[in-house]
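Q: Quick one: the structure is below, and I'll ask about it shortly.
The values are calculated or read from the model by the stated rules, or taken from the named source; none is laboratory data. Treat the numbers as computed from the prediction; the structure is a model and nothing was measured. FYI the Cβ positions are ideal-geometry reconstructions off the backbone, even for glycines, and counts take in every protein chain you see. What goes into the accessible areas is simple: the full protein's heavy atoms, side chains included, and nothing from ligands, DNA or RNA. Shrake-Rupley method; radii C 1.70, N 1.55, O 1.52, S 1.80 Å.
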Amino acid sequence: MPAVHKLLLEDALQDSPQTRSLLSVYEEDAGNLTDYTNQLLQSMQRVYGAQNEMALATEQLSKQLLEYEKQNFTLGRGDEEVISTLEQFAKSVEELNSLHAELTTQMANRMVFPMVQFREKDLTEISTLKEIFGIASDEHEASMVKYSRLPKKRENEKLKAEVVAEVAYTRRKQHQASMQYYCALNALQHRKRAAMLEPMLGYSQAQMNFFKKGMDLVSKKMDSFLASVSSMSQSIQAQMDSEAEAMRLSQRELLSADDTVYMPDRDRDPVNRTLIQKAGYLNIRNKTGLVTTAWDRLYFFTQGGNLMCQPRGAVAGGMVLDLDNSSVMAVECEDRRYCLQITAPSGKTSIILQAESKREYEEWICTLNNISRQIYLTDNPEAVAIRLNQTAIQAVTPITSFEKRLEGSPHPDRGSPQAPSTPQPEDLIAPGTPIQFDIALPASELLDQNRAGGRRTNPFGETEEDCSSDADDPLLQQAFAVRFLGSVAVRAGHAREVIYEAVRQVLAARAIHNIFRTDQSLLLVSSSCLRLMDPQTEAIRITFRLRDVRQFAAHQENGRLMGVVVEGHEEEGPSTFTAFVFESDTEGEKICYTISLGKEITEAKKDPVALAQLIKSMPLTNDGKFLLLDDEAGGAENGAGPEDLESEA
């Protein structure tokens, strides 16, 4: 090692300019060393902090690896092998953490602490001695100034002795301070070299010890484990690559499809009318005020007999409506296409939905109708739905005018033996029987007929000769607001089941052929006949004699539906029976009660005594008529407009 220049202690007393110049060099060197030492200590403290953070991080990593098993991932089936591997990794990381903690301690003791000690002991001592040396030099200079000002007179000998003593004291003090200062600066030249090497020696030894123990840990305990994990990772990567390739091929195949896949209302598949479950996005109309509405696009699906709805982001869906015995129909709503309405059996609850395409629209109507019939409760609902759909298609051939009625409609078989207690549908209505949907002409055409003085010919052969004085009937006159849904020829007219089957087939036909528009009418019940009238013009659309009404009943499940079976008389051949299906704004039982009362009055008119007893047993109004339910004619006449209404059946 080369010789180190030093300050000579012999020159301290003389304190020459040359000595001061050399001293300034040593002081500058000490200042630079202080700055460098502070920067080096900061770097060492940063390394120590990083190592300490590494120890804390590996400890946290070990704990977090053990938390994987406690996450209970929903899609985590088959992760047992991964869990066991992570537990083994956690143990290894914990052992590595102990090595990191030991390395952190060694860095603190053998690298950071020596550098801190060098800065606080040696460099701080140099700074303190420099201050003392400066003070002593200033005091010596002040005493020399006093000594230089001493006068020549002898009477000042005492003052001269005091100044001389002061100069001697300050010079001795400066001499001692300078020698201590020079010794410290000379020693610093050797101490700084050792101070720079000792911390790095400790750091290197700590790292070597850490790597040595780490290699022992890896080579003895983790070689086989890491090899198995590596093979497992490669296997998982191979599976992932295979799956990614399959997804790429599937994506390429899906993207190669025609652009019509992305276009709404371009479905090429036929409508499936036998579904008992369906799901998809629909728009639902919600009221936002007294007269304002808003449409929301939500995901709907059927579950059992319920219609469910699930907004986006929701965990589960909620029930919107119970579909059992509900009615589904197409409606015109706010100039939107493909709208359908679902009405509860009570008629108090209804919702309006909009489908995206015609196919979705028809499938939703058919599916909801199938669920409404509770097909899903049968043992084989798919087979039942297919059978009912085939029967409905064979049984419905819509006819838009009575003038186009087919010849040879089925006739009742009166000579057949008594029907069983539970007749089959084919025993009540012959398969393939056509269904008619327009019982009368529109109101505008009726006005033309009334102006011309003409009278419409009854297509079923009924006459109005017995109903001419109906307006003057002093006993019974009751009007009901109804909508005609359809009529069908039946085989018999004395069983209520024929009405229930006629209602079912008429509703199925309307749903299949999307015929839902109906005209509002007034059904006037008197003691002699039934009249269907136009609510605006009061023109008579059709008349049935009460004695020809063989059966009448309200639907078992939807009380707003009712039907009547009318016997038709032909000139040649046996009589025919036709079932007429209506939807009322009130309960069908009220209409049936009124018709029953009218038939009782008709029978009682034959016997004056019986008629008097009937009048006596029933409450009467002030004008002598039978007191029935509240008259609905006024409300129907006022509420019905010229526009067509939609059936809720």
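Q: Report yes if some residue within the stretch 220-242 is more than 30 Å from residue 92 (Cβ to Cβ), without any contact (Cβ under 8 Å) to a residue 24 or more places away in the chain and of a type in the set (Gly, Ala, Ser); otherwise report no.
A: First pass over the stretch 220-242, keeping only residues more than 30 Å from residue 92 (Cβ to Cβ): 242.
From what's left, without any contact (Cβ under 8 Å) to a residue 24 or more places away in the chain: 242.
Right, trim to of a type in the set (Gly, Ala, Ser) and you get 242.
Yes; the residues of the stretch 220-242 include at least one that is more than 30 Å from residue 92 (Cβ to Cβ), without any contact (Cβ under 8 Å) to a residue 24 or more places away in the chain and of a type in the set (Gly, Ala, Ser).
Q: Of the residues 11, 29, which is at pLDDT 85 or above and under 30 Å from residue 119 (Cα atoms)?
A: Values: 11 fails: at pLDDT 85 or above.
It is 29.
Q: Here's a check for you: in the stretch 564-576, which residue that is closer than 13 Å to residue 491 by Cβ and of a type in the set (Val, Ile, Thr) is surrounded by the fewest Cβ atoms within 10 Å (Cβ to Cβ)?
A: Just the residues of the stretch 564-576 that are closer than 13 Å to residue 491 by Cβ, to begin with: 565, 567, 574-576.
Adding the requirement that they be of a type in the set (Val, Ile, Thr) leaves 565, 576.
Working: 565: 23, 576: 20.
The extreme case among them is 576.
Q: Just checking, does the stretch 250-264 include any residue being in contact (Cβ under 8 Å) with a residue 12 or more places away in the chain and under 29 Å from residue 382 (Cβ atoms)? Before you say what the answer is, go through the steps one by one.
A: If we filter the stretch 250-264 for residues that are in contact (Cβ under 8 Å) with a residue 12 or more places away in the chain, which is where we start, we get 264.
Now narrow it down to the ones that are under 29 Å from residue 382 (Cβ atoms): 264.
For the stretch 250-264, residues in contact (Cβ under 8 Å) with a residue 12 or more places away in the chain and under 29 Å from residue 382 (Cβ atoms): present.
Q: In the list 188, 226, which residue meets the criterion of being surrounded by 12 or more Cβ atoms within 10 Å (Cβ to Cβ), among the aliphatic types (A, V, I, L, M) and closer than 25 Å to residue 110 by Cα?
A: Values: 226 fails: closer than 25 Å to residue 110 by Cα.
Exactly one of 188, 226 is surrounded by 12 or more Cβ atoms within 10 Å (Cβ to Cβ), among the aliphatic types (A, V, I, L, M) and closer than 25 Å to residue 110 by Cα, namely 188.
Q: Something else now. I'd like to know if the stretch 554-563 contains one or more residues that are touching a residue at least 12 places away in the same chain (Cβ under 8 Å), touching a Gly at 6+ places or on another chain (Cβ under 8 Å) and either at positive phi or open to solvent by 30 Å² or more (accessible area, probe 1.4 Å) (or both).
A: yes
Q: Could you go through the stretch 253-265 and let me know if any residue there is within 30 Å of residue 372 (Cα to Cα), modelled with pLDDT under 85 and either out of contact with any Leu (no Cβ under 6 Å at 6 or more places or on another chain) or aliphatic (A, V, I, L, M) (or both). Show your work before the answer.
A: Restricting attention to the stretch 253-265, the residues satisfying the condition of being within 30 Å of residue 372 (Cα to Cα) are 264-265.
Narrowing the set further to residues that are modelled with pLDDT under 85 leaves 264-265.
With the extra rule that they be either out of contact with any Leu (no Cβ under 6 Å at 6 or more places or on another chain) or aliphatic (A, V, I, L, M) (or both), the set shrinks to 264-265.
Yes, some residue in the stretch 253-265 is within 30 Å of residue 372 (Cα to Cα), modelled with pLDDT under 85 and either out of contact with any Leu (no Cβ under 6 Å at 6 or more places or on another chain) or aliphatic (A, V, I, L, M) (or both).
Q: On the basis of being among the aliphatic types (A, V, I, L, M) and more than 30 Å from residue 60 (Cα to Cα), does residue 145 make the cut? Break it down stepwise before answering.
A: On the way: among the aliphatic types (A, V, I, L, M): yes; more than 30 Å from residue 60 (Cα to Cα): yes.
Taking the combined requirement at face value, the residue satisfies it.
Q: Mind checking whether some residue in the stretch 41-56 is open to solvent by less than 70 Å² (accessible area, probe 1.4 Å), of a type in the set (Ser, Thr, Tyr) and in contact (Cβ under 8 Å) with a residue 12 or more places away in the chain?
A: Restricting attention to the stretch 41-56, the residues satisfying the condition of being open to solvent by less than 70 Å² (accessible area, probe 1.4 Å) are 41, 43-44, 47, 49-52, 55.
Now narrow it down to the ones that are of a type in the set (Ser, Thr, Tyr): 43.
Within this subset, residues satisfying the condition of being in contact (Cβ under 8 Å) with a residue 12 or more places away in the chain are none.
No: zero hits.
Q: Could you say which residue among 123, 75, 103 is surrounded by fewer than 13 Cβ atoms within 10 Å (Cβ to Cβ) and hydrophobic (A, V, I, L, M, F, W, C)?
A: When all the criteria are applied, what remains is 75.
Q: A further question follows. Write out, first by first residue and then by second, each pair whose Cβ atoms fall under 7 Å of each other, whose residues are 6+ apart or on separate chains, and whose first residue, in the stretch 175-196, is over 25 Å from residue 43 (Cα atoms) while the second is open to solvent by 20 Å² or more (accessible area, probe 1.4 Å) and among the β-branched types (Val, Ile, Thr).
A: 177/132
Q: Restricting the search to the stretch 53-105, which residues are small (Gly, Ala, Ser) and within 30 Å of residue 202 (Cβ to Cβ)?
A: If the condition is that a residue be small (Gly, Ala, Ser) and within 30 Å of residue 202 (Cβ to Cβ), then 55, 57, 62, 92, 98, 101 are the ones that fit.
Q: Let me ask you something else. Which members of the stretch 138-159 meet the condition of being surrounded by fewer than 11 Cβ atoms within 10 Å (Cβ to Cβ) and of a type in the set (Asp, Glu)?
A: Listed by number, the residues that qualify are 155, 157.
Q: Does residue 68 qualify as being open to solvent by 40 Å² or more (accessible area, probe 1.4 Å), at pLDDT 90 or above and assigned to a helix (DSSP H, G or I)?
A: Values: open to solvent by 40 Å² or more (accessible area, probe 1.4 Å): yes; at pLDDT 90 or above: no; assigned to a helix (DSSP H, G or I): yes.
Spelling it out, it is not the case that residue 68 is open to solvent by 40 Å² or more (accessible area, probe 1.4 Å), at pLDDT 90 or above and assigned to a helix (DSSP H, G or I).
Q: I need the full set of residues from the stretch 554-577 which are assigned to a strand (DSSP E or B) and hydroxyl-bearing (Ser, Thr, Tyr), in order please. Explain how you work it out, then say what you get.
A: First, the residues of the stretch 554-577 that are assigned to a strand (DSSP E or B): 554, 561-568, 576-577.
Residue satisfying the conditions is 576 alone.
Q: Kindly indicate whether residue 532 is part of a strand (DSSP E or B) and out of contact with any helix residue (DSSP H, G or I) (no Cβ under 7 Å at 6 or more places or on another chain).
A: Working: part of a strand (DSSP E or B): yes; out of contact with any helix residue (DSSP H, G or I) (no Cβ under 7 Å at 6 or more places or on another chain): yes.
Yes.
Q: Take the conditions in contact with a Phe, Trp or Tyr (Cβ under 8 Å, 6 or more places away or on another chain) and over 26 Å from residue 236 (Cα atoms) and apply them to residue 103. Does it pass?
A: Working: in contact with a Phe, Trp or Tyr (Cβ under 8 Å, 6 or more places away or on another chain): yes; over 26 Å from residue 236 (Cα atoms): yes.
Criteria met by residue 103.
Q: Let me ask something else. For the stretch 160-185, what are the residues that are surrounded by 13 or more Cβ atoms within 10 Å (Cβ to Cβ) and either of a type in the set (A, V, I, L, M) or within 60 Å of the chain's Cα centre (by Cα) (or both)?
A: 163, 164, 167, 177, 179, 184, 185
Q: Let me ask something else about it. Would you call residue 63 of a type in the set (D, E, K, R) and in contact with a helix residue (DSSP H, G or I) (Cβ under 6 Å, 6 or more places away or on another chain)? Give the derivation first.
A: Working: of a type in the set (D, E, K, R): yes; in contact with a helix residue (DSSP H, G or I) (Cβ under 6 Å, 6 or more places away or on another chain): no.
No.
For every residue, the table says whether it meets (1) at pLDDT 85 or above; (2) of a type in the set (Ser, Thr, Tyr); (3) open to solvent by 10 Å² or more (accessible area, probe 1.4 Å); (4) in a loop (DSSP other than H, G, I, E, B).
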{"site": "552", "(1), (2), (3), (4)": "yes, no, yes, no"}
{"site": "579", "(1), (2), (3), (4)": "yes, no, no, no"}
{"site": "586", "(1), (2), (3), (4)": "no, yes, yes, yes"}
{"site": "593", "(1), (2), (3), (4)": "yes, yes, yes, no"}
{"site": "611", "(1), (2), (3), (4)": "no, no, yes, no"}
{"site": "614", "(1), (2), (3), (4)": "no, no, yes, no"}
{"site": "635", "(1), (2), (3), (4)": "no, no, yes, no"}
{"site": "638", "(1), (2), (3), (4)": "no, no, yes, no"}
{"site": "641", "(1), (2), (3), (4)": "no, no, yes, yes"}
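Q: Here's another thing I want to ask about it. Report every pair of residues separated by at least 6 positions or lying on different chains whose Cβ atoms are under 8 Å apart, first residue within the stretch 96-117 and within 13 Å of residue 45 (Cβ to Cβ), second of a type in the set (Phe, Trp, Tyr) and at pLDDT 90 or above.
A: Between residues of the stretch 96-117 that are within 13 Å of residue 45 (Cβ to Cβ) and residues that are of a type in the set (Phe, Trp, Tyr) and at pLDDT 90 or above, the close pairs are 104/48; 107/48; 107/203; 108/48; 111/48; 111/203; 112/48.
Q: Can you find even one residue in the stretch 518-539 that is closer than 30 Å to residue 386 by Cα and surrounded by 19 or more Cβ atoms within 10 Å (Cβ to Cβ)? Before the answer, list the steps.
A: The initial filter retains those residues of the stretch 518-539 that are closer than 30 Å to residue 386 by Cα, namely 518.
Add one more test, that the residue is surrounded by 19 or more Cβ atoms within 10 Å (Cβ to Cβ), and what stays is 518.
Yes, the stretch 518-539 contains at least one residue that is closer than 30 Å to residue 386 by Cα and surrounded by 19 or more Cβ atoms within 10 Å (Cβ to Cβ).
Q: Does residue 260 count as hydroxyl-bearing (Ser, Thr, Tyr), outside any loop (DSSP other than H, G, I, E, B), closer than 30 Å to residue 327 by Cβ and open to solvent by less than 80 Å² (accessible area, probe 1.4 Å)?
A: Against the criterion (hydroxyl-bearing (Ser, Thr, Tyr), outside any loop (DSSP other than H, G, I, E, B), closer than 30 Å to residue 327 by Cβ and open to solvent by less than 80 Å² (accessible area, probe 1.4 Å)), residue 260 does not qualify.
Q: Check off (1) open to solvent by 60 Å² or more (accessible area, probe 1.4 Å); (2) modelled with pLDDT under 85; (3) not aliphatic (A, V, I, L, M) for residue 110 and give me the number that stays unchecked.
A: (2)
Q: So residue 225 clears everything in (1) modelled with pLDDT of 90 or more; (2) in contact with a Ser or Thr (Cβ under 9 Å, 6 or more places away or on another chain); (3) closer than 22 Å to residue 100 by Cα except one condition, right? Which one?
A: Here residue 225 clears every test but (1).
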